[in-house]
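Undergrad: Mind having a look at this structure? Questions to follow.
The values are calculated or read from the model by the stated rules, or taken from the named source; none is laboratory data. These figures come from a predicted structure and were not determined experimentally. Note that each Cβ is placed from the backbone with ideal geometry, even for glycine, and that neighbours are counted across all protein chains shown.
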Protein chains: 2
Amino acid sequence: MNYPKTIQNLIECYKKLPGIGGKTAERLALASMQLDDELIALFSESLVGVKTKIKRCNTCYNLTEEEKCMICSDQARNHDIVCVVEEPRNVISFEKTGTYHGTYHVLDGLISPLDGVNPEDIHIDSLLDRIKKENIKEVILALKPSIEGETTSLYISKKLEKENVIITKIAHGIPLGADMEYIDSLTLGMALEDRKPIS
Amino acid sequence: MNYPKTIQNLIECYKKLPGIGGKTAERLALASMQLDDELIALFSESLVGVKTKIKRCNTCYNLTEEEKCMICSDQARNHDIVCVVEEPRNVISFEKTGTYHGTYHVLDGLISPLDGVNPEDIHIDSLLDRIKKENIKEVILALKPSIEGETTSLYISKKLEKENVIITKIAHGIPLGADMEYIDSLTLGMALEDRKPIS
């Protein structure tokens with residue numbers, strides 16, 4: 001004997017999520033039975049909702065329920081600066097800093113020839129278009145410091161060479177609160193090279 | 001700016017599940033957007049289903065979609081033996097052994113006066129009723145080896161003292177594949193005490 005069909009189905013669904021194995025899926029399915037009716041209704045509705053209601057912003061490819069995302073349609077923000085990120089979740093991370101008031105551009109991937117991801121497979125063309133059309137003054141490349149991230153940054157900066165736009169890259173260095181002895185030597189080297197005078 | 005409302009709602013729902021924190025909930029919600037439409041439909045339906053369709057068996061309190069669970073309604077099983085467990089998930093664990101062919105009784109908790117759980121709060125009365133009415137020959141106590149488990153086992157066996165029924169308890173000892181040096185001394189002591197002759 002196994003769990004009744006409905007529970008079994010729910011376990012299978014949880015198992016399809018990343019990082020959720022059989023045991024955890026079982027625990028989550030049984031825990032779901034204890035949730036309030038309203039929460040279950042919201043849960044079930046939101047699941048369908050993220051598939052049907054959520055679109056990509058027609059300008060920056062951020063997640064949105066409208067044609068334009070909340071950032072692109074916010075006139076109080078600085079539309080002269082674009083911060084280029086890999087995924088929609090990076091937008092939220094930068095927003096949490098509370099210090100950036102420009103716009104974003106979500107590439108939805110990084111150039112990676114080995115994985116068959118070429119420049120035309122991610123939203124680079126639309127970024128180049130935007131920079132020309134919207135009269136953007138600064139492009140901040142905020143991609144992760146991996147081979148793919150560096151390749152993508154390099155590709156974009158080459159493409160923008162002839163445009164009248166400042167291209168910057170976020171700083172790599174020692175994260176705040178880090179224990180110096182656990183920082184890898186590449187990062188330490190970068191931090192040393194990018195040192196700045198104390199004003 | 002934060003995620004669009006629908007995603008935010010989904011994150012909040014995932015966060016209500018045990019062991020799922022903010023970061024994981026965010027990851028799961030974003031991953032849910034990538035699931036197939038059919039899977040999302042099944043997921044959403046099963047979530048509502050576990051709240052509406054799943055009931056407790058009217059005999060043994062196991063999870064079921066019918067009045068009686070698959071085990072209680074299976075005439076091929078040995079209805080003379082009842083294995084007493086704490087939770088429905090324990091039934092599945094014992095079923096996976098493939099060696100037990102009797103029935104079960106789910107207590108839905110253990111006696112724990114400190115947490116305000118008294119014998120009348122869990123399904124003990126219905127167990128005693130069943131033993132008298134169904135002419136049960138053996139009751140196997142398969143509760144966890146904790147103070148609550150032992151208290152509950154003791155309480156049930158006291159209550160059944162005058163009944164014509166054999167009461168047994170599952171064996172405690174060294175689990176298969178365990179490294180002897182990591183076994184705690186209480187378990188080792190139990191294993192020693194419950195030693196049996198090699199036949």
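Undergrad: Could you check the stretch A:30-52 and list, in sequence order, the residues that are more than 7 Å from chain B (Cβ to nearest Cβ) and under 30 Å from the mean Cα position of the chain (by Cα)?
TA: Matches in the stretch A:30-52: A:ALA41, A:GLU45, A:THR52.
Undergrad: Just to be sure I understand the filter: pairs with C-beta atoms under 8 Å, separated by 6 or more residues or on different chains, first member in the stretch A:1-13 and more than 7 Å from chain B (Cβ to nearest Cβ), second member among the polar types (S, T, N, Q) and surrounded by fewer than 16 Cβ atoms within 10 Å (Cβ to Cβ). Which pairs pass?
TA: Matching pairs, first to second residue: A:GLN8/A:ASN2.
Undergrad: Considering B:LYS162, B:LYS144, which residue is within 15 Å of the chain's Cα centre (by Cα) and either modelled with pLDDT under 90 or not in a helix (DSSP H, G or I) (or both)?
TA: B:LYS144
Undergrad: Take the stretch B:53-76 and flag every residue that is more than 24 Å from A:LEU35 (Cβ to Cβ), facing another protein chain (nearest Cβ under 9 Å) and touching a helix residue (DSSP H, G or I) at 6+ places or on another chain (Cβ under 9 Å).
TA: B:ILE71
Undergrad: Restricting attention to the stretch A:87-118, which residues are of a type in the set (Gly, Ala, Ser), more than 15 Å from the chain's Cα centre (by Cα) and in a loop (DSSP other than H, G, I, E, B)?
TA: Of everything in the stretch A:87-118, those that are of a type in the set (Gly, Ala, Ser), more than 15 Å from the chain's Cα centre (by Cα) and in a loop (DSSP other than H, G, I, E, B) turn out to be A:GLY98, A:GLY102, A:GLY116.
Undergrad: Is it the case that the stretch A:50-72 has a residue that's closer than 30 Å to B:GLU65 by Cα, modelled with pLDDT under 95 and either surrounded by 18 or more Cβ atoms within 10 Å (Cβ to Cβ) or not assigned by TED's automatic domain parsing to the domain that holds A:ALA142 (or both)?
TA: Among the residues of the stretch A:50-72, at least one is closer than 30 Å to B:GLU65 by Cα, modelled with pLDDT under 95 and either surrounded by 18 or more Cβ atoms within 10 Å (Cβ to Cβ) or not assigned by TED's automatic domain parsing to the domain that holds A:ALA142 (or both), which makes the answer yes.
Undergrad: Filter the stretch B:173-199 down to the residues that are surrounded by 13 or more Cβ atoms within 10 Å (Cβ to Cβ) and either in contact with a helix residue (DSSP H, G or I) (Cβ under 9 Å, 6 or more places away or on another chain) or in a loop (DSSP other than H, G, I, E, B) (or both) and list them by number.
TA: Passing the criteria: B:GLY173, B:ILE174, B:ILE183, B:LEU188.
Undergrad: Of all residues in the stretch A:53-67, count the ones that are outside any loop (DSSP other than H, G, I, E, B) and over 16 Å from the mean Cα position of the chain (by Cα).
TA: Qualifying residue count for the region: 0.
Undergrad: Also, quick follow-up: Conditions: (1) surrounded by fewer than 21 Cβ atoms within 10 Å (Cβ to Cβ); (2) not assigned by TED's automatic domain parsing to the domain that holds A:GLU148. A:SER32 meets all but one. Number of the miss?
TA: (1)
Undergrad: Pull up the stretch B:2-25, narrow it to residues that are closer than 27 Å to A:SER73 by Cβ and among the aliphatic types (A, V, I, L, M), then point me to the one that is surrounded by the fewest Cβ atoms within 10 Å (Cβ to Cβ).
TA: Among residues in the stretch B:2-25 that are closer than 27 Å to A:SER73 by Cβ and among the aliphatic types (A, V, I, L, M), the one surrounded by the fewest Cβ atoms within 10 Å (Cβ to Cβ) is B:ALA25.
Undergrad: From the set of residues in the stretch A:14-25 that are more than 7 Å from chain B (Cβ to nearest Cβ) and more than 15 Å from B:LEU42 (Cβ to Cβ), which is nearest to the chain's Cα centre (by Cα)?
TA: This residue is A:GLY19.
Matching residues to (1) of a type in the set (S, T, N, Q); (2) surrounded by 21 or more Cβ atoms within 10 Å (Cβ to Cβ); (3) more than 21 Å from B:TYR3 (Cβ to Cβ):
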site: A:ASP74; (1), (2), (3): no, no, no
site: A:SER112; (1), (2), (3): yes, no, yes
site: A:PRO119; (1), (2), (3): no, no, yes
site: A:LEU128; (1), (2), (3): no, no, yes
site: A:LYS133; (1), (2), (3): no, no, yes
